[in-house]
1. Applying a 10 Å radius around every beta-carbon, put A:8-18, B:68-78, A:86-96 in order of their mean neighbour count, most first.
2. From other protein chains only, count the Cβ atoms within 10 Å of every residue's Cβ in A:37-44, then give the mean.
3. Grab the alpha carbons of the protein assembly as shown, take their convex hull, and tell me the volume per residue in Å³.
4. Assign one of three labels to chain B, namely rounded, prolate or oblate, based on the Cα gyration tensor with a ≥ b ≥ c the square roots of its eigenvalues; rounded applies when a/c is under 1.5, prolate when it is not and a/b is larger than b/c, and oblate otherwise.
5. Give the calculated FRET efficiency between residue B:72 and residue A:27 to the nearest 0.05, with a Förster radius of 45 Å applied to their Cβ-Cβ distance.
6. Does chain A come out rounded, prolate or oblate by the C-alpha gyration tensor, with a ≥ b ≥ c the root eigenvalues, rounded set by a/c under 1.5 and, if not, prolate when a/b is larger than b/c and oblate if not?
């Protein structure tokens, strides 16, 4: 089973700053199978990035994904109030089919 | 517009059963890879089960042999039959769909299942 680790657990930043979130896998992950989600309190998750670097429909270009192998990064430029949320990475594998990282909370400094 | 609406969440005693429903609109459930994903209170996301467009079924080890995913194409609805429920099954259950089986691009608003005596 591939385990995803996200760091930091909490990222405290000010509006306008850049957020850099890390997702590390315990084994190599096919980049096509790595996704990122945003979740706000009381809401369902929303797909941001799939295939490690492809933005989902309607996602602004301030969100970007990168990485390969075991190390993946989500970058959020020019943080706005609506960007302060929880972010999860997710990978598709064999068993179990899907695993999520524990999440990174981006909150206001 | 793609929309997923879950229902059926409730308070149930340990060992009990519950069936969740997810009504889809804007697309047909048989055309997407449909999953259930759950989130325990204050915790992260955990994938539960998936039904492929071709009908193949997969489950997380934690629910294997207790939960059954299915769909009714005539009602355009996804289901999750949950038996032998345990307190650790307490969570918000989301249905989620994807055009591929790699990720989830559509999510419902979730339905709360509480397992407690």
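No lab work stands behind these numbers, since they all come straight from the coordinates. Worth saying up front: this structure is predicted, and the values here are computed from it rather than measured. As a convention, Cβ positions derive from the backbone with ideal geometry for all residues, glycine included, and neighbour counts pool all protein chains shown.
1. My ranking of the peptides, most packed first, is A:86-96, B:68-78, A:8-18.
2. Working: counts 6, 0, 4, 0, 0, 3, 3, 14.
Counting other chains' Cβ atoms within 10 Å and averaging over A:37-44 gives 4.
3. Working: hull volume 25.4 nm³, N = 226.
So the per-residue Cα hull volume is 113 Å³.
4. Numbers: a/c = 1.69, a/b = 1.63, b/c = 1.04.
Prolate is the answer for chain B, as a/c is 1.5 or above and a/b outweighs b/c.
5. Details: r = 38 Å, r/R0 = 0.84.
Result of the calculation: an efficiency of 0.75.
6. prolate
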